[in-house]
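Read through the structure below, which is laid out as structure tokens, and then see the notes.
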Amino acid sequence: MGVSLRTMCGIVGYIGPKDVVPLIVEGLRRLEYRGYDSAGIAVAGDLLNPTALDVRRAPGKLGNLEAVLRDHPLHGTYGIGHTRWATHGRPTEENAHPHRDGTGTLVVVHNGIVENYIALKNDLIKRGHRFVSETDTEIIAHLIEDELEKAAASADKTPDTNNEANSAEAILTAPPSTISLEEAVRRAVKRLTGAFAIGVLSAREPDKLVAARSGPPAVIGIGDGEYFLASDVPGILHHTRDIIFLNDGECAILTKTGVTFTDFEGVPHPRTPTRITWDPIQAEKAGYKHFMLKEINEQPRAVRDTTLGRVSLDSGQVFLPDLKLSQQDFQNATSMTIAACGTSWHAGLAGKFMIERLARLPVDVDYASEYRYRDPIPGSLGLLITQSGETADTIAAQAEMISKGTPTLAICNVVGSAITRKAQGVITTNAGPEIGVASTKAFTAQLTALFTLALYMGQQRGHVSSEQSKHYVDELAKIPLKLEDVLRSVDDQCANLAKTFSTANDFLFLGRGIHYPIALEGALKLKEISYIHAEGYPAGEMKHGPNALIDETLPVVCIATKDPADPTSVLKYEKTLSNIQEVTARSGRVIAIATEGDEEIGNLVEAVIHIPAAPELLLPILEVVPLQLLAYHIAVRRGCDVDQPRNLAKSVTVE
């Protein structure tokens with residue numbers, strides 16, 4: 001029997017006066033970007049049958065669950081739904097969430113991993129519990145049941161719930177346990193090892209939802225006489241903008257009269273909601289065929305909003321009031337360590353060039369997933385880069401830095417997320433919700449935030465003059481308009497290139513210096529959504545191996561931009577032209593990304609995509625857009641699921 005070792009998907013719960021089923025299904029649909037392979041819902045509070053707790057589940061997409069609900073409708077005023085994605089365990093109805101306990105009167109949904117599930121399951125089996133799924137989540141439901149049984153048994157009030165003669169109706173009419181549902185949840189989760197965000201409801205305690213978190217994200221929404229639980233903000237944003245991000249080690253108890261918070265020991269934790277300023281319309285496709293295409297086209301706004309209020313066009317000064325470090329802290333710093341995953345790691349690599357150039361501070365860039373496993377020596381400053389602020393590996397890297405006394409900063413798209421709460425300074429990227437799994441606007445917003453941070457640190461450390469600062473701020477302010485120009489001018493060209501290259505089996509992306517991370521990002525985008533094998537490589541390393549791969553079937557995308565005002569940039573460009581000639585001499589098919597006005601390069605390559613001129617450190621923000629569009633159009637031509645690529649999820653909340 002297999003086991004669902006990892007689940008990391010959508011949760012939506014509700015309690016209030018409305019019919020819960022359409023509300024939950026709608027919320028789950030807004031969380032589809034997280035990726036999933038089955039869906040389910042549990043509902044209670046039916047006026048005609050107030051003691052009923054009914055579950056509907058289906059493998060596959062939400063449409064399958066909706067078909068089940070049409071054939072077997074549910075009604076109620078409180079409930080919880082889930083979309084499941086797992087690396088192990090079949091996508092079957094019995095493995096879909098919610099999962100019941102042995103009495104059938106209690107259900108659980110769960111994101112995360114129960115690492116000690118085998119020991120817990122064996123112990124529960126010895127105590128008479130029987131399991132019907134391949135998941136670790138079902139164990140949580142039985143643990144809560146076990147805590148309720150033990151409490152009731154101590155008062156000699158418990159029925160024999162393992163006796164098949166006892167029906168769910170008998171359980172419901174039996175004397176209550178001596179502890180509440182939330183206390184049983186608190187006791188149960190303390191027996192778990194691993195990561196979890198759970199939602200629990202019981203027919204024995206009507207009009208109550210209990211949530212608990214240790215690792216994966218969970219948010220509580222405060223409405224007008226109604227209350228919400230979700231794994232991510234977009235799932236409930238159409239109903240409320242007043243959000244509380246559940247902390248690790250915290251429980252939330254939702255009833256019709258309000259929400260209370262405690263830690264796992266039951267100590268009250270008063271919380272104040274955060275007002276989310278995202279417009280819910282931002283979470284819709286707005287007429288675009290895919291969320292990814294919409295988000296590519298939102299990049300001018302994302303860059304503008306990330307810059308807004310942080311730079312002075314008059315003086316060139318940068319203002320980052322949410323960084324709690326002093327000027328002396330920045331001046332005393334001797335190095336910085338950046339930790340991130342995936343696309344955010346590529347942003348960090350580009351940020352290294354920005355910070356070293358402007359702040360004259362050595363920077364190391366680490367994969368967050370590898371960081372804590374080598375007993376690292378952190379820099380005197382730490383920087384975490386994350387779209388969600390909830391990525392498990394990045395949270396672990398931050399914890400490692402903090403444990404060694406390193407103050408941490410964070411660049412993040414989600415206010416109030418786990419990493420931002422522990423950082424000593426935060427730069428929010430203000431990109432708005434990103435629905436497509438393949439990150440686009442979050443990446444360019446991260447590059448913008450990194451450039452802003454680098455310029456700020458350069459000013460704090462005395463390495464950037466007022467004249468230089470004003471020049472850089474002026475150039476940064478031009479980037480949104482230049483992005484709009486790129487989007488207008490290259491989309492059709494990328495679509496036409498996709499017709500030629502969508503049947504390729506492999507791609508190679510090349511870049512030098514700060515452009516190498518953009519080559520890596522271009523390769524990642526292509527492999528993520530088109531399933532074509534793609535590799536990013538430093539252009540100067542071609543002769544050390546990759547030249548052996550080049551033939552007439554291999555498309556090579558080469559970033560060959562330049563800043564004429566920067567001698568180092570011009571030198572890199574000249575060396576890159578030599579690399580292009582190495583490729584074409586071996587019959588490789590080159591697509592070049594070049595700067596407007598560069599006509600020479602067109603004589604060397606099969607196709608050239610021009611972008612506007614910009615300073616060397618800002619060129620990556622413009623360069624990546626054609627690579628995103630090329631990947632998008634190739635994926636569409638290959639019939640791939642652009643927004644929800646196979647085997648991927650948006651927020652990787654387990655290691």
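The values are calculated or read from the model by the stated rules, or taken from the named source; none is laboratory data. For clarity, every value in this text was computed on a predicted model and none was experimentally measured. Here the Cβ positions follow ideal geometry from the backbone for every residue, glycine too, while neighbour counts run over all protein chains shown.
Structure summary
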read-out	value
Residues within region 177-196 that are of a type outside the set (A, V, I, L, M, F, W, C) and in contact with a helix residue (DSSP H, G or I) (Cβ under 7 Å, 6 or more places away or on another chain), tallied	4
Residue within region 497-505 that is farther than 17 Å from Arg638 by Cβ and either in contact with a strand residue (DSSP E or B) (Cβ under 7 Å, 6 or more places away or on another chain) or in a helix (DSSP H, G or I) (or both) present	no
Residue among Glu295, Glu205 that is among the acidic types (Asp, Glu) and in the same structural domain as Ala477 (by TED's automatic domain parsing)	Glu295
Check on Asn64, on the phi < 0 side of the Ramachandran plot, assigned to a helix (DSSP H, G or I), surrounded by fewer than 24 Cβ atoms within 10 Å (Cβ to Cβ) and in contact with a strand residue (DSSP E or B) (Cβ under 6 Å, 6 or more places away or on another chain)	yes
Among the residues listed as Val590, Val556, the single one being in contact with a Ser or Thr (Cβ under 7 Å, 6 or more places away or on another chain), outside any helix (DSSP H, G or I), on the phi < 0 side of the Ramachandran plot and at pLDDT 85 or above	Val590
Residue in region 438-457 that is surrounded by fewer than 23 Cβ atoms within 10 Å (Cβ to Cβ), closer than 23 Å to Ser344 by Cα and in contact (Cβ under 8 Å) with a residue 12 or more places away in the chain present	no
Scan of region 358-381 for residues that are over 22 Å from the mean Cα position of the chain (by Cα) and surrounded by 19 or more Cβ atoms within 10 Å (Cβ to Cβ), ordered by number	Leu358, Ala359, Leu361, Val363, Pro378, Gly379, Leu381
Those residues of region 386-410 which are surrounded by 22 or more Cβ atoms within 10 Å (Cβ to Cβ) and under 19 Å from Gln327 (Cα atoms), in sequence order	Thr408, Leu409, Ala410
1 or more residues charged (D, E, K, R) and at pLDDT 95 or above: qualifying strands (runs of 3 or more DSSP E) within region 362-476	363-367
Helices (runs of 4 or more DSSP H) fully within region 255-349 counting 1 or more residues that are at pLDDT 95 or above and over 24 Å from the mean Cα position of the chain (by Cα)	327-332
Region 347-365, subset without any contact (Cβ under 8 Å) to a residue 40 or more places away in the chain and in contact with a Phe, Trp or Tyr (Cβ under 9 Å, 6 or more places away or on another chain), residue nearest to Tyr516 (Cα to Cα)	Val365
Number of the condition not met by Gln493 [criteria: (1) surrounded by fewer than 23 Cβ atoms within 10 Å (Cβ to Cβ); (2) assigned to a loop (DSSP other than H, G, I, E, B)]	(2)
Test: residue in region 510-524 that is in contact (Cβ under 8 Å) with a residue 12 or more places away in the chain, β-branched (Val, Ile, Thr) and more than 23 Å from Ile621 (Cβ to Cβ)	no
Scope region 612-631; condition farther than 15 Å from Gln299 by Cα and over 25 Å from the mean Cα position of the chain (by Cα); matching residues	Pro612, Ala613, Ala614, Pro615, Glu616, Leu617
Contacts under 7 angstrom Cβ, first residue in region 606-628 being within 14 Å of Lys478 (Cα to Cα), partner surrounded by fewer than 22 Cβ atoms within 10 Å (Cβ to Cβ) and β-branched (Val, Ile, Thr), 6 or more apart	Ile611/Thr595; Ala613/Thr595
Region 135-148 residues that are closer than 10 Å to Gly102 by Cβ, paired with ones that are among the acidic types (Asp, Glu) (beta carbon under 8 Å, 6 or more apart)	Ala141/Asp101; His142/Asp101; Glu145/Asp101
Condition met for Leu31 (buried (at least 22 other Cβ atoms within 10 Å of the Cβ) and in contact (Cβ under 8 Å) with a residue 60 or more places away in the chain)	yes
Neighbours by Cβ (under 7 Å, 6+ apart or cross-chain): first from region 216-245, not assigned by TED's automatic domain parsing to the domain that holds Thr77 and assigned to a strand (DSSP E or B); second charged (D, E, K, R) and surrounded by fewer than 19 Cβ atoms within 10 Å (Cβ to Cβ)	none
Cross-chain or 6+ apart pairs with Cβ under 8 Å, region 569-580 first and in contact (Cβ under 8 Å) with a residue 40 or more places away in the chain, then part of a helix (DSSP H, G or I) and surrounded by fewer than 19 Cβ atoms within 10 Å (Cβ to Cβ)	Lys575/Gly540; Asn579/Gly540
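Okay, residues lined up against (1) assigned by TED's automatic domain parsing to the domain that holds Ala195; (2) closer than 14 Å to Ile11 by Cβ; (3) not small (Gly, Ala, Ser):
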{"site": "Ala39", "(1), (2), (3)": "yes, yes, no"}
{"site": "Ala42", "(1), (2), (3)": "yes, yes, no"}
{"site": "Ala58", "(1), (2), (3)": "yes, no, no"}
{"site": "Arg70", "(1), (2), (3)": "yes, no, yes"}
{"site": "Leu74", "(1), (2), (3)": "yes, no, yes"}
{"site": "Ile80", "(1), (2), (3)": "yes, yes, yes"}
{"site": "Arg100", "(1), (2), (3)": "yes, no, yes"}
{"site": "Thr105", "(1), (2), (3)": "yes, no, yes"}
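Yes/no matrix, rows are residues, columns are (1) touching a helix residue (DSSP H, G or I) at 6+ places or on another chain (Cβ under 8 Å); (2) buried (at least 21 other Cβ atoms within 10 Å of the Cβ):
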site: Ala592; (1), (2): yes, yes
site: Gly602; (1), (2): no, no
site: His610; (1), (2): yes, yes
site: Ala613; (1), (2): no, no
site: Ile621; (1), (2): yes, yes
site: Leu627; (1), (2): yes, yes
site: Val636; (1), (2): yes, no
site: Gly639; (1), (2): no, no
